[in-house]
1. For residues in segment 290-324 being without any contact (Cβ under 8 Å) to a residue 24 or more places away in the chain and either under 26 Å from residue 244 (Cα atoms) or in contact with a strand residue (DSSP E or B) (Cβ under 6 Å, 6 or more places away or on another chain) (or both), which is surrounded by the most Cβ atoms within 10 Å (Cβ to Cβ)?
2. Which of the following residues is closer than 24 Å to residue 120 by Cα, in contact with a strand residue (DSSP E or B) (Cβ under 6 Å, 6 or more places away or on another chain) and at pLDDT below 90: 237, 223?
3. Output the residue which, of all residues in segment 83-111 that are surrounded by fewer than 20 Cβ atoms within 10 Å (Cβ to Cβ) and in contact with a strand residue (DSSP E or B) (Cβ under 9 Å, 6 or more places away or on another chain), is farthest from residue 5 (Cα to Cα).
4. One residue is enough: does segment 135-146 have a residue meeting the conditions assigned to a loop (DSSP other than H, G, I, E, B), within 17 Å of the chain's Cα centre (by Cα) and closer than 30 Å to residue 202 by Cα?
5. So which residues in segment 1-12 are in contact with a strand residue (DSSP E or B) (Cβ under 8 Å, 6 or more places away or on another chain) and surrounded by fewer than 20 Cβ atoms within 10 Å (Cβ to Cβ), if there are any at all?
6. Condition test on residue 254, is it under 18 Å from residue 156 (Cβ atoms), assigned by TED's automatic domain parsing to the domain that holds residue 269 and modelled with pLDDT of 95 or more?
7. Failed condition for residue 93, given (1) assigned by TED's automatic domain parsing to the domain that holds residue 68; (2) touching a residue at least 24 places away in the same chain (Cβ under 8 Å); (3) touching a helix residue (DSSP H, G or I) at 6+ places or on another chain (Cβ under 7 Å), with all others met?
8. Evaluate segment 257-273: report whether one residue or more is in contact with a helix residue (DSSP H, G or I) (Cβ under 7 Å, 6 or more places away or on another chain), in contact (Cβ under 8 Å) with a residue 12 or more places away in the chain, over 15 Å from residue 108 (Cα atoms) and surrounded by fewer than 20 Cβ atoms within 10 Å (Cβ to Cβ).
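The values are calculated or read from the model by the stated rules, or taken from the named source; none is laboratory data. The model shown is predicted, which means the values in this text are computed figures rather than measured ones. Glycine also receives a Cβ, built like all others from the backbone with ideal geometry; neighbour counts cover every protein chain displayed.
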């Protein structure tokens, strides 16, 4: 049995990692989770003794040995990697952003399904997320630009990931500024989508999260307790507008929805065809009209929703094998 120690100091990463944060066998590999301040100290001691292989989250602690460890920078692109660690070849991220450049080293984790779930007979529409990035000083896209492109952004959700769209934005070679612009536009698009859903399904929509400005809709306080998150997602229709950091179908929020028995309804991401395959036309939508029509149909047909939920869970029945393959490739050179 090959042993991999998952080491991270911050307890909030349990939520972002989902079931991957738990000790579990993946084929011939056993992951032992050492998360939190105390257990991470044990992990650091084992690392310095050279016992086993290691995965660190967010460089906390940072693992320099490129032969027996990887540093997994979660919820971010390579821009998240601290400058002093940039030259290490064992850095991996979980997010790719098509505007600032394709990531060469992505460590993809998959939803690990523990049991079957059912859609509630009176399902709700659930959205969890943040609305934090808005136009600021010069070099950033302004309110005028956002309003001019309002209709385009909701009639083609993937527009923000297309180079043609970006050719109309002030050209800037600074990748950090481009990244900030991307987050501003993605936040604006997210707000437009949720506003439309709220207008059409106000009595069914429940929004949990943080907002840095006044909105037309009510926000419930963000939920960080995993058991409460599960009870909210379980059996409901869950909207995923993607990460504001990039364009990936499987990121912490989408994995959390799937693992906790929610029916994920996702805006199109750049890797949708690869990740979802034939499921694409059932849960992936690229414009607001089709998304609203689908939500209306789902709310009226809980039995059909159950069929789609079951298909989603079956779609990830081989997640452990996929994770095993990734771990062998990265840590055991197999």
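1. 290
2. 223
3. Ranking the candidates gives 103 first.
4. no
5. Hits for segment 1-12 are 1, 2, 3, 10, 11.
6. It is false that residue 254 is under 18 Å from residue 156 (Cβ atoms), assigned by TED's automatic domain parsing to the domain that holds residue 269 and modelled with pLDDT of 95 or more.
7. Looking at each condition in turn, residue 93 falls short on (2).
8. no
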